[in-house]
1. I'd like to check one number: the per residue accessible area of the range 140-310, probe 1.4 Å, reported in Å² as a whole number.
2. On alpha-carbon atoms, Rg over Rh for the range 4-110 using Kirkwood Rh?
3. On the protein heavy atoms, probe 1.4 angstrom, tell me the percent of accessible surface of the chain carried by carbon and sulfur.
4. If you project the alpha carbons of the range 209-288 onto the principal axes, what extent comes out on each, in Å, largest first?
5. Can you give the alpha-carbon Rg of the range 140-310 over 2.2 N^0.38 Å, where N counts its residues?
6. Quick check for you: with a 1.4 Å probe and neighbouring chains kept, what is the accessible area per residue of the range 4-110, in Å²?
7. So, taking all protein chains as they sit and a 1.4 Å probe, how much accessible area belongs to Trp272, in Å² rounded to tens?
8. Sum up the charges of everything whose Cβ sits under 13 Å from the Cβ of Leu67, counting Lys and Arg as +1 and Asp and Glu as -1, but leave Leu67 out.
Amino acid sequence: MDIVEVNDPADGELDAWHALVSSVHTHDHPEEPSPEPSQTVGWLLGGVPRRMWAVPHEDGFGAVASLRLPGDAAVRAGEIEIHVHPGLRRRGVGTRLLRSAAGALRADQRATAIAQALAGTPAVPFLESRGFGCVLTTQGLVLRTDEARARVETEGYAALDPSGYRLIRWTGVVPDRLAAAFAMAKRAMADHDEGESAWTPERVRETAEQVAKRGDELYTVAALHGTRLAGFTEIVVPGDAPERAFQYDTAVVPEHRGRRLGLWVKAAMLRWLAEERPEITEIETDNADDNEHMLAVNEALGFRPLREYREYQATASDLP
Ligand SMILES: CC(C)(COP(=O)(O)OP(=O)(O)OC[C@H]1O[C@@H](n2cnc3c(N)ncnc32)[C@H](O)[C@@H]1OP(=O)(O)O)[C@@H](O)C(=O)NCCC(=O)NCCS
């Protein structure tokens, strides 16, 4: 089975890519809704530079791999994703695709690669036998919005109103006057993800633009303290499948912690979405296992465990 590099994928190749990713998804997570074709395409064509490889098989693809190359090569890791059809596994196809991606990573002068795996799937022994180490375990959680709204009202979370703070909200890219303050608040997540220290106003805008390019909508609620942004929460609503929205970042700047701002912005977000987007029935999120405060906030709102993700990292020179 040969590996071909896919540049500027044609419609047929995008269809074949989606068909393969869907069959892997259905096999590995039958309980979860499959991605929509537009989600796969949006992900593949969405802004960030990337290289792609496929293994042609029968009328489509038997395996695919992508290497995303975001931002500055000197500081950011490359992101590797490999999918092998269930019928073609344990024949070395995944390893060969990883070799292609690793070669391209080194050619781009990147020092590290990251990849994600679901606990309990073959991706774990695969990555661990091929140079990756687990750096973070996160819990995938899901919330039913009707139950959460009932809780927000009965527990009074939306009415918390901590003194000295006010709420502000926007859709899409952050308003210019808040961009610098927002990037600073984003850096508050650095204590849970060291890579986040590189947040700048440009990167904040770029990330929001990518969400829009994919056809999805980004909602942000923030707590302001004077002109400082003390905390925020972000939700992304997929353009094609808005029933399940996704929690993006939530953070409270260290000096503003302990005032229930996390719960307050999340409760305000739930109220806002209830008015704007009543079709949303579920919100999915993931939490680092060591982020006890955010887990506590999410439990208070009624999030339930769905699955465990593992984030892996490798030094480029350790890869095949
Ligand atoms: C993870 C995945 C890409 C592996 O593809 P693959 O073609 O089967 O991988 P390989 O044949 O190259 O396996 C290489 C090694 O990984 C380990 N491995 C792979 N699958 C394994 C399994 N089910 N159980 C135990 N070890 C496994 C073995 O050490 C294997 O070497 P061996 O066969 O000589 O023992 C494939 O299972 C897949 O597509 N999973 C779903 C998508 C996914 O989760 N991707 C995330 C990784 S980026």
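1. For the range 140-310, the per-residue accessible area is 47 Å².
2. Numbers: Rg = 13.8 Å, Rh = 14.4 Å.
My calculation of the ratio gives 0.96.
3. So the carbon and sulfur contribution to the accessible surface is 48 percent.
4. Between the extreme Cα coordinates on each principal axis of the range 209-288 lie 39, 27, 24 Å.
5. On the way: Rg = 15.0 Å, N = 171, 2.2 N^0.38 = 15.5 Å.
Cα Rg divided by the expected 2.2 N^0.38 Å: 0.96.
6. On the way: 5220 Å² over 107 residues.
On a per-residue basis, 49 Å².
7. 20
8. On the way: positive: Arg50, Arg51, Arg68, Arg76, Arg99, Arg106, Arg110; negative: Glu5, Glu79, Glu81, Asp108.
The answer is +3.
The values are calculated or read from the model by the stated rules, or taken from the named source; none is laboratory data. All values reported here derive from a predicted model rather than from experimental measurement. Cβ: placed from backbone, ideal geometry, glycine included. Neighbour counts: every protein chain shown. Protein only, heavy atoms only, side chains kept; ligands, DNA and RNA dropped before computing areas. Shrake-Rupley method; radii C 1.70, N 1.55, O 1.52, S 1.80 Å.
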